[in-house]
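Have a look at the structure below before the remarks.
The values are calculated or read from the model by the stated rules, or taken from the named source; none is laboratory data. Fair warning: this is a prediction, and the values are worked out from it, not measured in the lab. Methodologically, a virtual Cβ is constructed for each residue, glycine included, from the backbone with ideal geometry; neighbour enumeration extends over all protein chains shown. To get the accessible areas, we keep the full protein, side chains included, count just its heavy atoms, and leave off ligands, DNA and RNA. Shrake-Rupley method; radii C 1.70, N 1.55, O 1.52, S 1.80 Å.
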Amino acid sequence: MTFQVENPPAPTGVPSAGARQASAHSERPLQEHSPRRHSIAFWLIALAFGVTMSFTTVPTTMWSLYERTVHYSTAMVTVAFTAYSFGVLLALVFVGHISDWQGRKPILLIGITCQLVAAIVLVSSTDFAPVVVARFISGAGIGMITATATAHIAELHLGSGRDPLSERPALTATAANLGGLGAGPVIGGALTQFLPHPLVVPYAVYLVVLVIALALVMVAPETVPRHHRDYRPQHVQLAREDRGDYMTAVFGGATLFCVLGLTTSLLPQVLSGLGISSRFWEGLIAACVLFASASVQIALRHAVTDRLYAIGLPAIGVGVICMVLGVLTGLGALFVIGALVGGAGGGAIFRGALGTAARVAPEGRAGESAAGIFVGAYLGMACPVLGIGIATACGISIDAALVCFGILVLALATGVAASARACQRARATRVMGD
């Protein structure tokens, strides 16, 4: 992900070269503006976003079933898990920002279609190669959806005639994202625990649900006129003075997803140590971590970014320490408490990160700016899972691997805190200079 200093704006009343080019090459005008339609579509897109995200975490409680019934090894589960994250990353870098000039709806429709394809493959086969391919396709679809849906929700909010400075769009998008991720393990855990054919039924249910999500997107209005722009990979344009704030937000998002990666990769082992083998309870606890993140964002909806960082970063530090101590001492309850505290703190940081991305994004590049935050976030999720999987495959104990990754997450949180403080001082200096 590279940066380019934003060009100075054109004088008032004079269209910029980019605007003239967009107008000259416009291929499809926007539909007639309707505040009421935009207001309804705001919730439809949020619902479709949440539903689609929940599909990606349905397998959270199913990996132990793949190990027991299809004889997957730990390394195979790690590969299947990380295939999803790398699919997300590749799509974010190469596709996610295209919605800024090709329109939000086409990219959302393609992304949800990818989920449908993945669901069909997972229903059809439990073999390792098809599962890995399906998880990669699912990740690629989510890489298209995350930043696009976040930007679309913000634009629908503006089109509904509501306060343009409201925190409502960022709050709703983040709640849909994390709430959807949290709902997946609960739904998957319940379906696999209480219904027959546990490796088929959850995906079959989502085939229907994803078709509904596709229909919700189809009826929503477009918010971005389609126009010509030369293709390039993800390339965030920022004013020079905003680079520090943006990179702090990127690494802030990574800290939350590091906690989520540690939680999902270690939770089955921790619960088995407590004598809990219920997939429903496993999914419920994983969901509570994500719901804690969403709840904190609602509770702190009026907080400024600096305050969100000040609250969230210490909470992540405390949470990771509790998780490490919980595994080392065999106190599973301590691990769960740490995951909840870390997830809650990460939720505050992630909301601040998306708010920063929206604030510093140049006009017409909101999706691109949000995509950069998710690149950092999913790197943060993939690294702990992949690292712990490789470490255990090489004969390193799970305790030693966890301590190492716990230290890395604490170092990351400390670095984000120092960067946030430096950016705050720089902004104060610029204000005084003005």
* To do: Consider T429 carefully, then state whether it is in a helix (DSSP H, G or I), of a type in the set (S, T, Y) and farther than 28 Å from L290 by Cβ.
  => yes
* If only one of G180, G189 is outside any loop (DSSP other than H, G, I, E, B) and closer than 19 Å to M144 by Cβ, which one is it? -> G180
* To do: For residues that are open to solvent by 40 Å² or more (accessible area, probe 1.4 Å), touching a residue at least 12 places away in the same chain (Cβ under 8 Å) and outside any helix (DSSP H, G or I), tally how many sit in the stretch 196-228.
  => 4
* Asked: Is at least one residue of the stretch 374-384 of a type in the set (G, A, S), out of contact with any Lys or Arg (no Cβ under 7 Å at 6 or more places or on another chain) and farther than 14 Å from G261 by Cα?
  -> no
* Could you run through the stretch 49-78 and say how many residues are touching a residue at least 40 places away in the same chain (Cβ under 8 Å) and more than 23 Å from V186 (Cα to Cα)? => 2
* **Tally, over the stretch 167-195, of residues that are under 20 Å from F280 (Cβ atoms) and without any contact (Cβ under 8 Å) to a residue 12 or more places away in the chain** => 1
* **Failed item, numbered, when Q297 is tested on (1) surrounded by fewer than 20 Cβ atoms within 10 Å (Cβ to Cβ); (2) in contact with a helix residue (DSSP H, G or I) (Cβ under 7 Å, 6 or more places away or on another chain)** => (1)
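Only one of R226, R232, R301 is out of contact with any Phe, Trp or Tyr (no Cβ under 9 Å at 6 or more places or on another chain), within 30 Å of S39 (Cα to Cα) and of a type in the set (D, E, K, R); which?
R301
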* Asked: Among the candidates G330, G338, G367, which residue alone is at pLDDT 85 or above and under 30 Å from V58 (Cβ atoms)?
  -> G338
* To do: Please verify whether the stretch 35-54 includes one or more residues that are surrounded by 19 or more Cβ atoms within 10 Å (Cβ to Cβ), in contact with a Phe, Trp or Tyr (Cβ under 9 Å, 6 or more places away or on another chain), in a helix (DSSP H, G or I) and at pLDDT 90 or above.
  => yes
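Matching residues to (1) more than 23 Å from C322 (Cβ to Cβ); (2) open to solvent by 60 Å² or more (accessible area, probe 1.4 Å); (3) more than 21 Å from the chain's Cα centre (by Cα); (4) modelled with pLDDT under 85:
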| position | (1), (2), (3), (4) |
| --- | --- |
| G376 | yes, no, no, no |
| L379 | yes, yes, no, no |
| C394 | yes, yes, yes, yes |
| I407 | no, yes, yes, no |
| A413 | no, no, no, no |
| V416 | no, no, no, no |
* To do: Determine if the stretch 239-251 includes at least one residue that is farther than 30 Å from A339 by Cβ, open to solvent by less than 30 Å² (accessible area, probe 1.4 Å) and modelled with pLDDT under 90.
  => yes
